[in-house]
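Values quoted throughout were computed directly from the atomic coordinates according to the rules given, and no laboratory measurement underlies them. Every value quoted in this text rests on a predicted model; they were computed, and no experiment measured them. Please note: Cβ atoms are built from the backbone with ideal geometry, for glycine as well, and neighbour counts cover all protein chains shown.
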Amino acid sequence: MDDTSSTASKTALMVCAYRARASRWATPLFVDPWAQAIAGDEGEAIAARLDAHFAHMERWLALRVAYLDRLVGNAVDHLSIRQIVILGAGYDTRAARLPRAGVRYFEVDHPATQAAKRARLATLANYPIDAATYTTCNFEREDPIERLVASDLDPHDPVLVIWEGVVPYLTEAAVRATATRLAHGLDPRSLVAFDHVGKKLAAGDVKPAEREAATYVGELGEPVRFGIDDPLPLLVDCGFRWVRSLDFNELALELLGDYVRERMFRFQHIALAAVRTPVALWP
Ligand SMILES: C[S@@+](CC[C@H](N)C(=O)[O-])C[C@H]1O[C@@H](n2cnc3c(N)ncnc32)[C@H](O)[C@@H]1O
């Protein structure tokens, strides 16, 4: 989303609808009790249209959410982390779903999306809006650390940063600038997690069906702009000194117990980065 964007993210509403669906699985990997009400008919309709182009989106999204939920628990229990920052939060409900004593959540997002989220949350009778501190930031031109510190984040206390479903929509310059600020501006015991797509997918150099999925997302106003196969060199440039990566096949095997080559999950990864080796073993 660029500077001029005054429209809230549609992809955020779409993934919210997928979270609602995944919450209804017979054996769900997580339950988001608010996703259905937040996504509404609009979110469901956007997701239903993507199904025709990428039938595995619901599973892929469920794996991503479940893994990052687990990371929150691990960071709090094993890394003594008490500050969780959700970058490009969209309609994320972790602050409400995963409350932990003494843990503060900060949600950072483009102003247009954050305003839309707050308006939707205000219509829900039982949503604990105060569970998060809300901060606006346009990653294309603003410094997230400056914005977070202004919102009372303590840069001398470690942070878990969850940057979920955002990096593919940014320019490489914004990804680098944001990652550099995360590496240099936070306590060195902090941990950053983000998902990314491969270079070919971002460039449209893929099978027609996959290109159609990317085209559909682009038509929602958020084209995929950045893909990277191995983020380690970029992360080292930005100041990180410990990097791990896992692909969605590994997650599917562990969390769903299966491997289906046709899902193309091997082209989508979650990266973890820190400036110091975390004291607990990861992932
Ligand atoms: C696919 S949604 C993901 C939302 C959420 N993280 C989730 O997984 O449900 C993409 C998010 O990136 C945010 N975003 C895109 N471009 C941005 C920018 N330039 N600055 C700040 N946020 C941006 C959108 O506002 C939206 O919330």
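Multiplying the residue separation of Val31 and Arg261 by 0.36 nm and subtracting their alpha-carbon distance yields 80.1 nm.
Counting only other residues whose beta carbon sits under 9 Å from that of His56, what net charge do I get with K and R as +1, D and E as -1?
Working: positive: Arg59, Arg263; negative: Glu58, Glu262.
With Lys, Arg at +1 and Asp, Glu at -1, the neighbours total 0.
Expressed in Å, the radius of gyration and Dmax of the Cα atoms of the chain are 17.5, 48.
For the options Val167, Val72, Val260, a Gaussian network treatment of the chain with springs between C-alpha atoms closer than 10 Å singles out Val260 as fluctuating the most.
Inter-label distance, Thr123 to Thr7: 1.9 nm, where each label sits 7 Å from its Cα along the C-beta direction.
Over all directions, average the projected area of the Cα convex hull of the stretch 1-121 and note it in nm². Could you put the intermediate results ahead of the total?
Numbers: hull surface 32.6 nm².
Projected area, direction-averaged: 8.2 nm².
In nm, to one decimal, how far is the Ala150 label point from the Glu172 one, both placed 7 Å along Cα→Cβ? Distance between the two pseudo-spin positions: 3.0 nm. Taking a straight Cα-Cα cut-off under 23 Å and skipping sequence neighbours fewer than 8 places away in the same chain, the lysines within cross-link reach of Lys117 are Lys10.
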